[in-house]
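Following: one structure in structure tokens, then a few remarks.
The values are calculated or read from the model by the stated rules, or taken from the named source; none is laboratory data. None of these values were measured; they are calculated from a predicted model. Because the Cβ atoms are built from the backbone with ideal geometry, glycine has one as well, and the counts that use them run over all protein chains shown. To get the accessible areas, we keep the full protein, side chains included, count just its heavy atoms, and leave off ligands, DNA and RNA. Shrake-Rupley method; radii C 1.70, N 1.55, O 1.52, S 1.80 Å.
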Amino acid sequence: MADLDSVFRREWGPAVATLARWSGDLTVAEDAVQEACAEALRAWPRDGVPEHPGGWLVTVARNRARDRLRRESVRPGKELAAVVDEIRARTEHTDPHPVRDDELRMMFTCAHPALDRASQLALTLRLVSGLTVAEIARALLQTEAAVAQRITRAKNKIRHANIPLRVPPAELLPERTPHVLSCIYSVFTEGYWSTAGPSAIRDELCDEGVRLAGELCALMPAERDAHALAALVLLHDSRRSTRVDASGALVPLEEQDRSRWDRARIARGLDRLRLAEGSTGPYLPQAVIASLHATAPSWEDTDWRAICAAYDWLLQVTNSPVVRANRALAVGLRDGPDAGLAALEEVAGDPRVARMVPSIRADLLRRAGRLGEALTWYRKALDANGSEASREFLRRRIAECGG
């Protein structure tokens, strides 16, 4: 029997996006897909997973949504049927629009200016990408309660203010593009650096992030930020198969077999990087960092001076504590562990990076030969980490430090 959880995660976003476009109601769409998943849990173990599970879920969800509309309506049956037909006609036979991909359409739709940016992102990651509230909270560096409230308030605002679930005209797409870029990158990041669960990598989210970035470039070929994001995810993704070993254990970058990196993806990423020249957003300097790793012949030959310069460039674009923490590690590899530890102290007190500082500090201490101190911080990192693969990697480092 296939891993049903993986199937549901893969098919959730497309199904919700399709149902939302059909019904015009986010809550109806989400509830209907949840009901379809519940029915699949009953039917598929008995009958087998269908050849096209996404189509099965959409069909069942559409039937459940239609049943709900009938139950909640006070209109006579014939009139309600006409309303349902009208919804279907309006959503399936709209005027031609450049955004053909359902999930990309939903991302642009959720970027309505009536919603604040954080609510836009949380709502999209939940409805379109199927991330759990806990996963979204980790991605946004917020509490689960705050994220859950944001999602609920956003859906209520859409419903009560009668905000239409439609993509804006083509000329208005650029103002919503930053939101869509953030969502795509968050989806890819949760796949590539899974923050919880048994696996270090969630392939379905990596694939979806790469696909959506490519779709956005095709939709907006002059959008340099889109090409920068596509370059970034392609260059990272070129290393995906080497990030874990045969047993699923994490393999750090310096120990990866570079001969197994996907050279075709690296070439495509570098092509996107050239198209991104002139981008002023945060993705271009990150893509430059990824390109320096992807093209370095070995760990020892990595150009840490150029990587630190790219981090400095990134800090001019976004003064993020996450960027500062990662830059500290790069400084440590350029100038020595003590210099990295000093740079890390500048951001160590920021609660938004509380989960990542212990592991960076431990790594720098280990490289400095201060194994006793490294052991203490590796243990703190273990307590703060929710991914089982990452926890196992930290246990290995603890053992190496004599723990």
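Assorted remarks:
- Exposed loop sites were defined as GluC sites (Glu not before Pro) in DSSP loop states (anything but H, G, I, E or B) carrying at most 11 other C-beta atoms within 10 Å; in the chain the longest segment without such a site runs 52-276.
- Percentage relative contact order, segment 315-402, counting C-alpha pairs under 8 Å, at least six apart: 22
- Per-residue accessible area (protein heavy atoms, 1.4 Å probe) orders Trp313, Trp377 as Trp313, Trp377, starting from the largest.
- Mean residue ellipticity, 222 nm, helices only, the chain: the sum of -39500 (n - 2.57) across DSSP H runs of n ≥ 4, divided by residue count and rounded to 500, is -22500 deg cm²/dmol.
- Taking every alpha-carbon pair under 8 Å whose residues sit at least 6 apart, the chain reaches a relative contact order of 11 percent.
- Heavy-atom accessible surface of Phe393, to the nearest 10 Å², is about 40 Å², with a 1.4 Å probe and all protein chains retained.
- P(r) of segment 315-402 over all Cα-Cα pairs, binned every 5 Å from zero, in whole percent: 3, 16, 25, 24, 20, 9, 3, 1, 0
- The string of couplings for segment 375-381 from the Karplus curve (6.51, -1.76, 1.60, θ = phi - 60°) is 4, 4, 6, 5, 5, 5, 5 Hz, one whole number per residue in order, with x for Gly and Pro.
- Selection of trypsin sites (Lys or Arg not before Pro), segment 140-228, meeting DSSP coil and at most 16 other Cβ within 10 Å: Arg166
- Full extension of the segment from Asn156 to Ala246, taken as 0.36 nm per residue of separation minus the current Cα-Cα distance, would add 27.8 nm.
- Excluding ligands, DNA and RNA, the accessible surface per residue across segment 315-402 is 48 Å² with a 1.4 Å probe.
- Accessible carbon and sulfur surface of the chain relative to its total accessible area, %, 1.4 Å: 51
- Computed over all pairs of different Cα atoms, the Kirkwood value for the hydrodynamic radius of the chain is 22.9 Å.
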